[in-house]
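J.: Would you mind keeping the following structure in view while I ask a few things?
The values are calculated or read from the model by the stated rules, or taken from the named source; none is laboratory data. If you're wondering where the values come from, they're calculated on a predicted model, not measured in any experiment. Ideal geometry is used to build each Cβ from the backbone, glycine not excepted, and the neighbour counts take in all protein chains shown. All accessible areas refer to the heavy atoms of the entire protein, side chains included, with ligands and DNA or RNA removed. Shrake-Rupley method; radii C 1.70, N 1.55, O 1.52, S 1.80 Å.
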Amino acid sequence: MALREIKKDIFWVGVVDWNVRTFHGHTYNTNRGTTYNAYLILDEKIALVDTVAGQFADELIEKIKQIIPPKKIDYIIVNHVETDHSGALPRLLKLCPSAKVFGSKKCKEGLSKHYYLPWSEAPGSQSDAVKDNGFRDFQIVKTGDKLKLGRRTLTFIEAAMLHWPDSMFTYCAEERLLLPNDAFGQHYATCERFDDEVDQGILMDEAAKYYGNILWPLSSLVLKKIEEIVKMGISIEMIAPSHGIIWRKDPGKIINAYLSWAKNETKPKIVVVYETMWGATEKMARKIVEGITDKGISVKLIDIATADRTEVIKEMLDAKGYIIGSSTHNNDMLTAIAGFLAFLKGLKPQKRIAAVFGSYGWAGGAAKSIESVLKEAGIEIAQPSLAVQYVPTDEELRKCLEFGREFASKLL
Ligand code: FEO
């Protein structure tokens, strides 16, 4: 993928990872791939902001070589330690051994642990592993610290826990350009680089998926960080994150979306997620959806055993109501729904209501277990659960219909 000048003398030198399908272990399905964005700023001093995943180091280096010899890089800004952004750093540093690395205090600690670097050791006293990794000079920076490049000056803004302790944003006032690393990103592999070049529906879909699956539990910090940036009086014309598309036409669109998601604002929408053993719980789910539809409320029905969990979380991000169902197995819920609820709990959704249903054989248990997890997640149980033995009768299906109508009424 060709390099791209995003502003005069500022180049995207990242890579597009078209084929990656899982991220963060297997916690995120990247069905549209991703990109690792790095930015080269040419001024009196030359700075590179972030690198790329280690397996793409050659591609990053080739792109830089198309613009300047890598040895001319004076500064490398490491906004984030995670290896999708720092993995190529050791290789690159061998080509620009005099480059000075900038990052937060936690970044220095994190890089040391990832790349075996006791920074304090004098040259010559290092282990082979350390000698080999190319690191030389690191400067810790904190919010408000500046780095003058020439015509431009970079300002650093710590962003601890968005989403790692080391995370940091870099801002260039002269260009009104924010480089926030993971924040405002999307896992979206494209040959286009800018928001005005891609389908808006897909773009916001991927941005929502990214927020819901990664940043949702950090929403209070997201709000504080946006407030802090507003108070700093920072003017933003372009947001260039380290994954996906660059926001140049409408950066306010993603900032407003983040504000809404971080405030846990929702729509009158219900997501019904279930797992079924022999189909009885599915019959109940379909009737519940009918009841919800009767009330004119938007609803999605999802069998978690076959669904893409990353997509399900995206659906839940803007939904006010969750209805969760499972057959009972060994006095408990089934395993796919259990895994899903454990993941959902970690995302700490707020201001949601829920209800629970399911079929059982000779002893129940699933409904109670599900309610317990939902309560632990801080989700309000809005009505008593509905359990049916074996296969629901016509009368019991009518109860399911009523169950859906009653829950939907709470959103009207
Ligand atoms: Fe894209 Fe937290 O790394």
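J.: List the lysines whose Cα sits under 16 Å from the Cα of Lys399, skipping any in the same chain fewer than 8 residues away.
T.: Correct list for Lys399: Lys283, Lys287, Lys295.
J.: In addition: Provide the gained length on full extension for the span Gln383 to Thr153, in nm with one decimal, where the gain is 0.36 nm per separating residue minus the Cα-Cα distance.
T.: 77.1 nm
J.: Between Asp74 and Lys348, what FRET efficiency comes out of the Förster formula 1/(1 + (r/R0)^6) with R0 = 51 Å and r the beta carbon distance, rounded to 0.05?
T.: 0.75
J.: Just for the Cα atoms in region 323-412, what are the lengths along the principal axes, largest first, rounded to whole Å?
T.: Reported extents, whole Å, longest axis first: 37, 36, 16.
J.: Also: When the Cα centres of region 138-195 and region 35-80 are compared, how far apart do they sit, in Å?
T.: Their Cα centres are 14 Å away from one another.
J.: From Cα pairs below 8 angstrom and at least 6 apart in sequence, can you work out the relative contact order of the chain, rounded to a whole percent?
T.: Value for the chain: 12 percent.
J.: Quick one: net charge of Leu162's neighbours, Cβ under 14 Å, K/R +1, D/E -1?
T.: Every neighbour counted, the sum reads -3.
J.: Which value in Å is the Kirkwood Rh of the chain over different Cα pairs?
T.: One over the average 1/r among Cα pairs gives 23.1 Å for the chain.
J.: Let me ask you something else. How big, on average over all directions, is the shadow cast by the Cα convex hull of region 196-325, in nm²?
T.: Result: 9.4 nm².
J.: Still on this structure, I have one more. Leaving out ligands and nucleic acids, note down the accessible area per residue over the chain with a 1.4 angstrom probe, in whole Å².
T.: In whole numbers, the chain has 41 Å² accessible per residue.
J.: Compute the long axis of helix 219-231 from its Cα atoms, compare it with the longest principal axis of the Cα atoms of the chain, and write down the angle in degrees, 0 to 90, nearest 10.
T.: So the inclination is approximately 40 degrees.
J.: Now for a different question. Find how much the distance from Leu412 to Trp18 grows on full extension, using 0.36 nm per residue of separation minus their present alpha carbon separation; answer in nm with one decimal. Kindly include the intermediate steps, with their values, before the conclusion.
T.: Values: separation 394, 0.36 × 394 = 141.84 nm, distance 4.24 nm.
Answer, rounded to one decimal: 137.6 nm.
J.: Right, something else. Heavy atoms only, probe 1.4 Å: what % of the accessible area of region 234-282 goes to carbon and sulfur, would you let me know?
T.: Of all accessible area on region 234-282, carbon and sulfur atoms account for 52 percent.
J.: For Glu5, which sequence-distant residues (separation of 5 or more, or a different chain) have an amide H within less than 5 Å of its own amide H, given hydrogens modelled in the peptide plane?
T.: Amide H neighbours of Glu5, under 5 Å, 5+ apart: Trp12.
J.: Got a sec? Which residues in region 321-341 would a label at Trp362 touch, if it sits 7 Å along Cα→Cβ and we count backbone N under 16 Å?
T.: Hits in region 321-341 for Trp362 at 16 Å: 328-332.
J.: To the nearest 20 debye, what charge dipole does the chain have about its Cα centre, counting +1 at the Cβ of each Lys and Arg and -1 at the Cβ of each Asp and Glu?
T.: 840
J.: Also, quick follow-up: Could you run the Karplus curve 6.51 cos²θ - 1.76 cosθ + 1.60 with θ = phi - 60° over region 10-21 and give me ³J(HN,Hα) per residue in whole Hz, x for Gly and Pro?
T.: Result, rounded to whole Hz: 10, 10, 6, 10, x, 10, 9, 9, 5, 10, 5, 10.
J.: Compute the angle between helix 335-347 and the longest alpha-carbon principal axis of the chain, please, reported from 0 to 90 degrees and rounded to the nearest 10.
T.: So the helix axis and the longest Cα principal axis differ by about 50 degrees.
J.: Further, regarding this structure: According to the Kirkwood expression over distinct Cα-Cα pairs, how big is the hydrodynamic radius of region 365-412, in Å?
T.: Working: mean 1/r = 0.0826 Å⁻¹.
When all Cα pairs of region 365-412 are included, the Kirkwood radius is 12.1 Å.
J.: Here is a further query. What angle do you read, to the nearest 10 degrees and between 0 and 90, between the alpha-carbon axis of helix 394-409 and the longest principal axis of the chain?
T.: Roughly 50 degrees between the two axes.
J.: Percent of alpha carbon pairs in region 288-345 separated by more than 14 Å?
T.: Looking at region 288-345, the distances longer than 14 Å represent 60 percent of pairs.
J.: Dipole of the chain (Lys/Arg Cβ +1, Asp/Glu Cβ -1, origin at the Cα centre): which of Thr190, Trp278, Tyr210 lies farthest to the positive side?
T.: It is Tyr210.
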